1. Does Arg112 meet the test of being in contact with a helix residue (DSSP H, G or I) (Cβ under 8 Å, 6 or more places away or on another chain), more than 7 Å from ligand 2 (Cβ to nearest atom) and open to solvent by 30 Å² or more (accessible area, probe 1.4 Å)?
2. I'd like to know if the range 67-85 contains one or more residues that are assigned to a strand (DSSP E or B) and away from ligand 2 (no atom under 15 Å from the Cβ).
3. Quick one: in the range 1-35, which of the residues that are open to solvent by 100 Å² or more (accessible area, probe 1.4 Å) and of a type in the set (Val, Ile, Thr) is farthest from Arg45 (Cα to Cα)?
4. Does Val158 satisfy the condition of being more than 29 Å from Tyr49 (Cα to Cα), in contact (Cβ under 8 Å) with a residue 12 or more places away in the chain and either open to solvent by less than 70 Å² (accessible area, probe 1.4 Å) or within 17 Å of the chain's Cα centre (by Cα) (or both)?
5. Taking the range 52-90 as the search range and keeping residues that are farther than 13 Å from Pro116 by Cα and modelled with pLDDT of 90 or more, which one is most open to solvent (accessible area, probe 1.4 Å)?
6. Can you list residue pairs whose Cβ atoms sit under 7 Å apart, with the first residue in the range 127-140 being aliphatic (A, V, I, L, M) and the second being part of a helix (DSSP H, G or I)? Count only pairs 6 or more apart in sequence or on different chains.
7. Would the range 145-152 turn up any residue that is over 13 Å from the mean Cα position of the chain (by Cα), within 14 Å of ligand 1 (Cβ to nearest atom) and more than 18 Å from Tyr69 (Cβ to Cβ)?
8. Which one is farthest from Ala135 (Cα to Cα) among residues in the range 91-108 that are more than 10 Å from ligand 1 (Cβ to nearest atom) and open to solvent by less than 70 Å² (accessible area, probe 1.4 Å)?
Amino acid sequence: MKSTDVIEIAEPRMTLGDQFFLPQVLVGLGTTMKHMLRVWTGTDRVIQYPEERREDIPVVEGGMHRRSYRGVHRLNRDEEGRVKCVACFMCATACPAHCIHIEADESPWEDREKYPAKFDIDELRCIYCGMCEEACPVDAIELTSLYDIVGLTRQEMVFDKSKLLRVYDETQEVEPI
Ligand code: SF4
Ligand code: SF4
């Protein structure tokens, strides 16, 4: 790397006003008031969740994954209703958060060698980067637009194979493969 490619960024210094903090507190309050006024006048849209849900998630035209939002995972099924996954471990290898755990077994079907006997994703560890769906060679794993998942325990947020297939069953009509 050439020295001219290096950009040096100086640490910002606090001004006298910053050191007194009060002006910055007032600036912060001003921002809060500004947003409060925008809500009152209807300029800012507020969704009364959970009574209202956001349905206008942006759509990406032409891509395999039509929505730009990356939410809860699903494991897709093939035409015969079987899990599409062939237990190749590509998604688990690509996952930067190490939150996919797969146990492969000999496939009971003739058209593939392996299938996932166990397939867990820790939805709390996941950073929803989408690397797993990019890595999958058979489009078996996808992130859906579901964003409201609730669990009372950490264990509930580890989605196993049956739960991931259930997400597919619940979303495939609105988000086909
Ligand atoms: S979205 Fe990213 S972090 Fe989450 S399981 Fe996939 S690869 Fe891992
Ligand atoms: S990359 Fe796809 S086929 Fe391979 S283990 Fe992951 S979900 Fe299964």
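The values are calculated or read from the model by the stated rules, or taken from the named source; none is laboratory data. Values in this document were obtained by computation on a predicted structure and should not be read as measured data. So basically every Cβ, Gly included, is an ideal-geometry build from the backbone, and we count neighbours across all protein chains shown. In case anyone asks, the SASA skips ligands and DNA or RNA and just uses the protein heavy atoms, side chains included. Shrake-Rupley method; radii C 1.70, N 1.55, O 1.52, S 1.80 Å.
1. Details: in contact with a helix residue (DSSP H, G or I) (Cβ under 8 Å, 6 or more places away or on another chain): no; more than 7 Å from ligand 2 (Cβ to nearest atom): yes; open to solvent by 30 Å² or more (accessible area, probe 1.4 Å): yes.
The answer is no for Arg112.
2. Looking only at the range 67-85, we keep the residues that are assigned to a strand (DSSP E or B), and these are 67, 73-75, 77, 83.
Cutting the leftovers down to away from ligand 2 (no atom under 15 Å from the Cβ) gives us 67.
Yes; the residues of the range 67-85 include at least one that is assigned to a strand (DSSP E or B) and away from ligand 2 (no atom under 15 Å from the Cβ).
3. For the range 1-35, the residue satisfying everything is Thr4.
4. Values: more than 29 Å from Tyr49 (Cα to Cα): no; in contact (Cβ under 8 Å) with a residue 12 or more places away in the chain: yes; either open to solvent by less than 70 Å² (accessible area, probe 1.4 Å) or within 17 Å of the chain's Cα centre (by Cα) (or both): yes.
Considered against the rule, which asks whether it is more than 29 Å from Tyr49 (Cα to Cα), in contact (Cβ under 8 Å) with a residue 12 or more places away in the chain and either open to solvent by less than 70 Å² (accessible area, probe 1.4 Å) or within 17 Å of the chain's Cα centre (by Cα) (or both), Val158 comes out as no.
5. Kept after step one, since they are farther than 13 Å from Pro116 by Cα, are these residues of the range 52-90: 52-74, 78-81.
So of that shortlist, the ones also modelled with pLDDT of 90 or more come out as 71-74, 78-81.
On the way: Gly71: 3, Val72: 4, His73: 4, Arg74: 4, Asp78: 24, Glu79: 173, Glu80: 134, Gly81: 32 Å².
Among those residues, the one meeting the criterion is Glu79.
6. Within 7 Å, the pairs are Met131/Ala94; Ala135/Met90; Ala135/Cys91; Ala135/Ala94.
7. Step one: filter the range 145-152 for residues over 13 Å from the mean Cα position of the chain (by Cα), giving 150-152.
Retained after the next criterion (residues that are within 14 Å of ligand 1 (Cβ to nearest atom)): none.
Scanning the range 145-152 turns up no residue that is over 13 Å from the mean Cα position of the chain (by Cα), within 14 Å of ligand 1 (Cβ to nearest atom) and more than 18 Å from Tyr69 (Cβ to Cβ).
8. Here is the first cut: in the range 91-108, the ones more than 10 Å from ligand 1 (Cβ to nearest atom) are 101-108.
Still in the list and also open to solvent by less than 70 Å² (accessible area, probe 1.4 Å): 102, 104, 107.
Details: Ile102: 15, Ala104: 17, Ser107: 21 Å.
Among those that are more than 10 Å from ligand 1 (Cβ to nearest atom) and open to solvent by less than 70 Å² (accessible area, probe 1.4 Å), it is Ser107.
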